[in-house]
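Only one structure is covered here, and it is reproduced in the block below.
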Amino acid sequence: MANRPTIRDVAREAGVSPATVDRALNGRSKVRDETLRKIAEAARRVGYHARGLIDQRLVASVPDHKIGLILIKEKQPFYRAFQATMEQALEERTDIRGRLVVRYAQSQSPEEFASLLAEVGARVDAVGAVAVNHQSLDKVVQDLAQNGVPTFSLLNDFAQGIRRNYIGLNNIKVGRQAAWMLTRGAAPGSYAIFVGGNRWHGHDLREVGFRAYMREGAPASSVKETLVNLETRQLTYEATLNLLERQQDLRGIYVAGGGMEGAIAALRETRPPGKVGLVVNELTADSRAGLLEGYVQMVIATPLEALCRELVALSLRSRSEAGSTAVEQKFLTPEIILPELL
């Protein structure tokens, strides 16, 4: 029968002295948090019988850190995955006791977003939000900052110059990538772009990038007047059917925000796969099916794991830089998903 692991085994695995492990166990003197974490991990690896006590010391030594998260569309798989990924990002951290407070907006009204920011911000150390860009949010974000609670705009930038960081994609580049994909090898013709509405700043930037690339890379083609779909499936579906009926030279569609399910359904009903190109954002069951069937040519997806880890890291950094007025942008590298990658 093998001998049970001892303090010396834990010390050797952790690269510290047995006396340090003894102090971690008995709490007779302070052990640095970083060292305590190394000892706790070593105790788990070697199967030390008193590792539970070390874990208790570790939990008692780390600070609480509570992050608020405001999302939209509670039933949509992307945002449910967003919440789950954020919970995982907090669980991965051993230097804090992380807690997540989540609220979902039931509408896209600035007043509701402002109310949610104020409510959640009063209960947390930092708050990240997917919200529209509107001046009614500026005062709330400013008030939170004065109370030591930084706000992070996620996916769509708002309260520019007041919020702490924007974390998301470079939306101008996203729009250019969509236009590049749709025009590759395509004959000159017309193209359409859907946005959720003029309060989604990220959609505006995607449109800017899309149109800029079309002027430079496909000057013989035209981009029709921008279509507003309020991020809904039904409006996108009806507008796409109307486009397909009226624009016989339609070569491609870019859905810059939500509602892509409607465009996929309309193409599936009226055109063979690949006849009209389609680029959408975020990989879901619908966009995956569209890729596999040939109706979607490319999905531009947000790397949720990277975003959530950045939110945790930046919120902790802002805690250690209390009083800082720095405002920054953190652009993430998008995940480009093609049919051949599935």
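Can you pull the Rg over Rh of region 241-330, Cα-only, Kirkwood? Mind showing how you got there, number by number?
Details: Rg = 19.2 Å, Rh = 15.6 Å.
In region 241-330, Rg relative to Rh is 1.23.
Please report the equivalent ellipsoid semi-axes of region 95-163, computed as sqrt(5 x eigenvalue) of the Cα gyration tensor, largest first, in whole Å.
Working: eigenvalues 68, 38, 24 Å².
So the equivalent ellipsoid measures 18, 14, 11 Å along its semi-axes.
Calculated from the alpha-carbon coordinates, region 262-305 shows an Rg and a Dmax of 10.4, 37 Å respectively. Spin-label pair Arg215-Glu41: with each label point 7 Å from Cα along the Cα-Cβ axis, the two points sit 5.1 nm from one another.
Averaged over its residues, region 274-329 has an accessible area of 42 Å² per residue, based on protein heavy atoms and a 1.4 Å probe.
How long is the gain from Glu238 to Ala285 if the chain were fully straight, where each residue apart is worth 0.36 nm and the alpha carbon distance is subtracted?
That works out to 14.8 nm of additional length.
Here's how it looks for Val223: its modeled amide H is under 5 Å from those of Tyr191, which are all 5 or more places away or on a different chain.
Only the Cβ atoms of Lys and Arg (+1) and of Asp and Glu (-1) were treated as charged; on that basis the dipole of region 115-226 about its Cα centre amounts to roughly 340 debye.
The candidate values are (1) 38; (2) 21; (3) 32; the one derived from this structure for percent of Cα pairs over 35 Å apart carries the label (1).
Principal-axis analysis of the Cα atoms of the chain puts helix 51-61 at an angle of about 70° to the longest axis. Using a probe radius of 1.4 angstrom, the carbon and sulfur fraction of the accessible surface of the chain is 49%. Of the trypsin sites (Lys or Arg not before Pro) found in region 256-290, those that fall in a DSSP loop while having at most 16 other beta-carbon atoms within 10 Å are Lys275.
In this structure region 110-247 gives 42 Å² per residue of accessible area when probed at 1.4 Å with all protein chains present.
The values are calculated or read from the model by the stated rules, or taken from the named source; none is laboratory data. Given the structure is predicted, the values throughout are model-derived calculations rather than measurements. Using ideal geometry, Cβ is built from the backbone for each residue, glycine included, and neighbour counts are taken over all protein chains shown. These accessible areas exclude ligands, DNA and RNA; they are computed on the full protein's heavy atoms, side chains included. Shrake-Rupley method; radii C 1.70, N 1.55, O 1.52, S 1.80 Å.
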